[in-house]
Each structure stands twice: as C-alpha cells, then as structure tokens.
Amino acid sequence: MEISIYNDIGRTADSIDHFMDFYYSLQMRYLASDLLDKGLSPDHISDAVVRAIRAGKSSGMDMRKHFMPVFSAINKEIIRDCKLSEMGYGLVLMNADVKIPAVGKWQTKVLEEYYFAGN
C-alpha cells in the first residue's frame with residue numbers, strides 16, 4: 001500500500017498569492033517602457049527601476065503592490081518591462097537621471113505641490 005501525502009495548505013497559499021498578484025496588477029496602470037516617450041533610454045529606465053525598488057524596500061513597502069515584471073512588445077521586439085502602480089511610476093521618475101528634462105520637471109512639480117499643499 002502506498003501512502004499519498006496531500007498538502008492542501010501549499011496549494012491554497014499559492015492560489016491566494018496568484019490572486020493577489022492579479023489584483024495588484026489591475027492597479028498598475030503604467031509600464032516602465034512608457035518612459036521611453038519622455039526621453040529616457042532603456043538603460044536609464046532599468047537603472048531607475050532598480051533604484052526605485054531599493055528605495056521602496058528600504059522604506060518597508062510591499063513591492064508586489066507597485067512593481068511587476070512583464071514582457072512588452074515594442075517595434076516588433078519583445079522586451080523585459082515592468083508594470084508600475086502610480087507610486088511605482090513616481091519612484092522610478094524620482095530615481096531617474098535628472099539630466100533628462102522630463103525628470104527634472106516632474107521632480108520639481110512634485111516638490112512644489114508638496115510644499116504648497118503643506119503651507
């Protein structure tokens with residue numbers, strides 16, 4: 001007689017994790033590749049995403065809610081991309097190269113809104 005071991009707990013947890021990933025992805029309205037239109041190069045975007053994730057992790061954020069690796073098609077090529085929540089998108093722009101005018105303008109706008117909202 002063979003003994004079968006059925007682990008229901010692991011399957012339930014995996015199902016919940018998959019559901020939560022799907023739910024979080026619905027809140028992610030941006031793609032990191034969208035920043036190509038703002039003048040960032042693929043290398044700039046990649047570096048900014050890495051720094052943004054590090055910043056989020058160091059502040060205790062749940063990264064699953066803000067960053068999701070995906071593949072996108074651009075110019076008939078498949079590229080590695082990242083879905084972003086509004087917070088994730090902001091973190092990427094905050095950690096992007098400030099030599100790019102769109103990045104500097106965005107950072108200035110955020111600080112102006114923060115400063116004037118507080119006074």
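At a 10 angstrom cut-off on C-beta neighbours, averaged per residue, how do the peptides 52-65, 28-41, 79-92, 103-116 rank from highest to lowest? Can you show the working numbers first?
Working: 52-65: 14.0, 28-41: 16.9, 79-92: 19.9, 103-116: 12.4.
Top to bottom by mean Cβ count within 10 Å: 79-92, 28-41, 52-65, 103-116.
Of Ala32, Val70, Phe19, whose Cα points farthest to the positive end of the dipole of the chain (charges on the beta-carbon: +1 Lys, Arg; -1 Asp, Glu; origin at the Cα centre)?
Ala32
Residue by residue through the stretch 45-57, what is 3J(HN,Hα) from phi via Karplus (6.51 cos²θ - 1.76 cosθ + 1.60, θ = phi - 60°)? Round to whole Hz and write x for glycine and proline.
Values, residue by residue: 5, 4, 4, 5, 5, 4, 5, 5, 5, 4, 5, x, 4 Hz.
Of all the C-alpha pairs in the chain, what % are more than 22 Å from each other?
In whole percent, the share of Cα-Cα pairs in the chain beyond 22 Å is 46.
Quick check: the distance between the Cα centres of the stretch 26-48 and the stretch 71-88, to the nearest angstrom?
Distance between centres, Cα-based: 7 Å.
Apply the Karplus parameterisation 6.51 cos²θ - 1.76 cosθ + 1.60, with θ equal to phi minus 60°, to every residue of the stretch 15-24 and state each ³J(HN,Hα) to the nearest whole Hz, in sequence, with x for glycine and proline.
Rounded to whole hertz, the list is 5, 5, 4, 5, 5, 5, 4, 4, 4, 4.
Counting only protein heavy atoms and a 1.4 Å probe, tell me what percentage of the chain's accessible area is made up of carbon and sulfur.
Working: 5100 of 8970 Å².
For the chain, the apolar C and S fraction of the accessible surface comes to 57 percent.
Under the Karplus relation 6.51 cos²θ - 1.76 cosθ + 1.60, θ = phi - 60°, what is the ordered set of whole-Hz ³J(HN,Hα) values for the stretch 64-72, x standing for Gly and Pro?
Rounded to whole hertz, the list is 4, 7, 10, 9, 9, x, 9, 10, 10.
Radius of gyration and Dmax for the stretch 50-119's Cα atoms, expressed in Å?
My reading of the Cα-based Rg and Dmax gives 14.3, 49 Å.
Between the helical axis of 101-118 and the dominant principal axis of the chain, each derived from Cα atoms, what acute angle in degrees is found, rounded to the nearest 10?
90
Determine the calculated [θ] at 222 nm for the chain from helices alone, applying -39500 (n - 2.57) to every DSSP H run no shorter than 4 residues and normalising by the residue count; nearest 500 deg cm²/dmol. Don't skip to the end; give the middle numbers.
On the way: 4 runs with 63 residues, N = 119.
That comes out to -17500 deg cm²/dmol.
Name the long-range amide H neighbours of Tyr30: under 5 Å, sequence gap of 5 or more, or other chain; modelled H, no Pro or chain starts.
Excluding prolines and chain starts, which carry no amide H, the hits are Leu84.
Straight-line reach from Lys105: which lysines have Cα under 24 Å away, leaving out those fewer than 8 places along the same chain?
Answer for Lys105, where 24 Å is the Cα cut-off: Lys38, Lys83, listed by chain and number.
Count the DSSP beta bridges whose two residues both fall in the chain, then state the antiparallel fraction as a percent rounded to the nearest 5. Each step should come with its number before you reach the end.
Numbers: 10 of 10 bridges.
Antiparallel: roughly 100 percent of the beta bridges in the chain.
The values are calculated or read from the model by the stated rules, or taken from the named source; none is laboratory data. These figures come from a predicted structure and were not determined experimentally. All Cβ positions, even for glycine, are placed from backbone atoms using ideal geometry, and neighbour counts span all protein chains on display. The accessibility values were calculated without ligands, DNA or RNA, using every heavy atom of the protein model including side chains. Shrake-Rupley method; radii C 1.70, N 1.55, O 1.52, S 1.80 Å.
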